[in-house]
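All remarks here apply to the structure that follows.
The values are calculated or read from the model by the stated rules, or taken from the named source; none is laboratory data. Note that the structure is predicted; figures quoted are calculated from it, not measured. Virtual Cβ from ideal backbone geometry, glycine too; neighbours counted across all protein chains shown.
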Amino acid sequence: MWEVVVVGSVNADLVVGVDRRPAPGETVLGSDLVVHPGGKGANQAVAAARLGGRTGIVGRVGDDGHGRLLRDALAADGVDLAHLATTPGPNGVALITVGPDGDNSIIVSPGANARLTPADVAAAAT
């Protein structure tokens, strides 16, 4: 049985470095796009698993490439995926711009995360 259970978001973080944030209506060039596994819930689950806790996550991922990437990343870090459901449609993503000083701006599209239900959480408790 788990020592740590995380109920939370599982997102693909789409990150682009920029020299500065664009003004409204303006386009700026950014660095190459980098995709990282992320989401507040997934990050907490990975941290607990890396510290040696038997960790499970309760959540939803999409049936797209981002969902597969996130499942693989969580499993590689030893997180139990028994209650990480796959939902038809897109995975949650965070669109992140990072300035040269490390300051960032984030837009989150919840995708499959928005389809997590109280029934999903209850099912994980049994």
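Observations
- Flag if residue 120 is more than 11 Å from residue 11 (Cβ to Cβ), charged (D, E, K, R), surrounded by 12 or more Cβ atoms within 10 Å (Cβ to Cβ) and out of contact with any helix residue (DSSP H, G or I) (no Cβ under 6 Å at 6 or more places or on another chain): yes
- In segment 50-68, the residues that are of a type in the set (A, V, I, L, M) and within 13 Å of the chain's Cα centre (by Cα): 57, 58, 61
- Given (1) touching a Phe, Trp or Tyr at 6+ places or on another chain (Cβ under 7 Å); (2) small (Gly, Ala, Ser); (3) modelled with pLDDT under 95, index of the condition residue 56 fails: (3)
- Residue in segment 87-105 that is farthest from residue 119 (Cα to Cα), counting only those that are among the polar types (S, T, N, Q) and touching a helix residue (DSSP H, G or I) at 6+ places or on another chain (Cβ under 6 Å): 91
- Residue selected from segment 14-59 under the condition of a type in the set (D, E, K, R) and in contact (Cβ under 8 Å) with a residue 40 or more places away in the chain, by the criterion surrounded by the most Cβ atoms within 10 Å (Cβ to Cβ): 54
- Summed over segment 87-125, the residues that are of a type in the set (Val, Ile, Thr), out of contact with any Leu (no Cβ under 9 Å at 6 or more places or on another chain) and touching a residue at least 60 places away in the same chain (Cβ under 8 Å) give a count of 3.
- Unmet criterion (only one of (1) buried (at least 16 other Cβ atoms within 10 Å of the Cβ); (2) under 15 Å from residue 96 (Cβ atoms)) for residue 10: (2)
- Those residues of segment 103-126 which are under 18 Å from the mean Cα position of the chain (by Cα), in a helix (DSSP H, G or I), over 22 Å from residue 3 (Cβ atoms) and not basic (Lys, Arg), in sequence order: 111, 112, 113, 114
- Contact annotation: residue pairs with Cβ atoms under 7 Å, 6 or more positions apart or on different chains, pairing a residue in segment 63-78 that is small (Gly, Ala, Ser) and assigned to a helix (DSSP H, G or I) with a partner that is at pLDDT 95 or above and surrounded by 15 or more Cβ atoms within 10 Å (Cβ to Cβ), are 67/61; 67/86; 67/91; 67/112; 73/37; 75/81.
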